[in-house]
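Report on one structure; see the data block that follows.
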């Protein structure tokens, strides 16, 4: 019964939100359609401004994966991760996640096909996916979209947060999924 209620509320959440926003705008005497089209125009301009950064990032990720650099880095890190008891299979995920969400998702899919979705490696990678961020993507696209040139400590902070997320994911996964 509760699950059915939650499902029903979820289906109505977005339509109610849209109607609520439009209603609020009308109440405040905002020309809602004009405001929407102006926002869309601004969004399109932002999209055009970030295309070069986006393409450069996609090319760099493609070259990184296809050149074999990901495999070389993965193999170089395996002795280190063995000593701190991280499943070796998730090392490519730890490298790819700060670069690309879709690249990380493809690694999870590969882990599921190879080891099974119930494996410790696949579950650990899934927890890593939820406890980390696409740091370099955020810096390239989001910071680029608002023209932030001096990112100061954003890269180091983001990568440290990712590392903490990865290590926490390994720890939590071993507690909950290691059988």
Exercise for the section: Find the Cα radius of gyration of the chain, compare it with 2.2 N^0.38 Å by division, and give the number to two decimals. Expected result: 1.34
Fill in the blank from the handout: Inter-part gap, Cα centre of the stretch 47-99 to Cα centre of the stretch 154-179, in whole angstrom, is 16
Practice task
Could you line up 138, 9 from fewest to most neighbouring Cβ atoms inside 10 Å?
Solution key: 9, 138
Handout entry: Packing-based exposure ordering (other Cβ within 10 Å, fewest first) of 53, 147, 168
Key = 147, 168, 53
Completion exercise
Measuring from the longest principal axis of the C-alpha atoms of the chain, the long axis of helix 32-66 (C-alpha) lies at a number of degrees, nearest 10, equal to 20
Handout entry: In degrees, nearest ten, helix 120-130 long axis to first principal axis of the chain (Cα)
Key = 30
Fill in the blank from the handout: If R0 = 35 Å, then residue 37 and residue 161, at their Cβ-Cβ distance, give a FRET efficiency to the nearest 0.05 of 0.40
Practice task
Would you mind calculating the gained length between residue 14 and residue 176 on full extension (0.36 nm times residue separation, minus the Cα-Cα distance), in nm to one decimal?
Solution key: 55.0 nm
Completion exercise
Over the chain, the sum of -39500 (n - 2.57) across DSSP H runs of at least four, divided by residue number and rounded to 500 deg cm²/dmol, gives at 222 nm -25000 deg cm²/dmol
Fill in the blank from the handout: Residues 46, 134, 83 in order from fewest to most other beta-carbon atoms within 10 Å are 83, 46, 134
Practice task
Could you work out how far apart the two model spin labels at residue 78 and residue 6 are, taking each label as a point 7 Å from the Cα in the direction of the beta carbon, and quote it in nm?
Solution key: 4.1
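Throughout, read-outs are computed from the coordinates displayed, never taken from laboratory work. Predicted model, so just to flag it, every value in this text is computed and none were measured. A quick note on method: Cβ atoms are made from the backbone with ideal geometry, for glycine too, and the neighbour counts reach across all protein chains shown.
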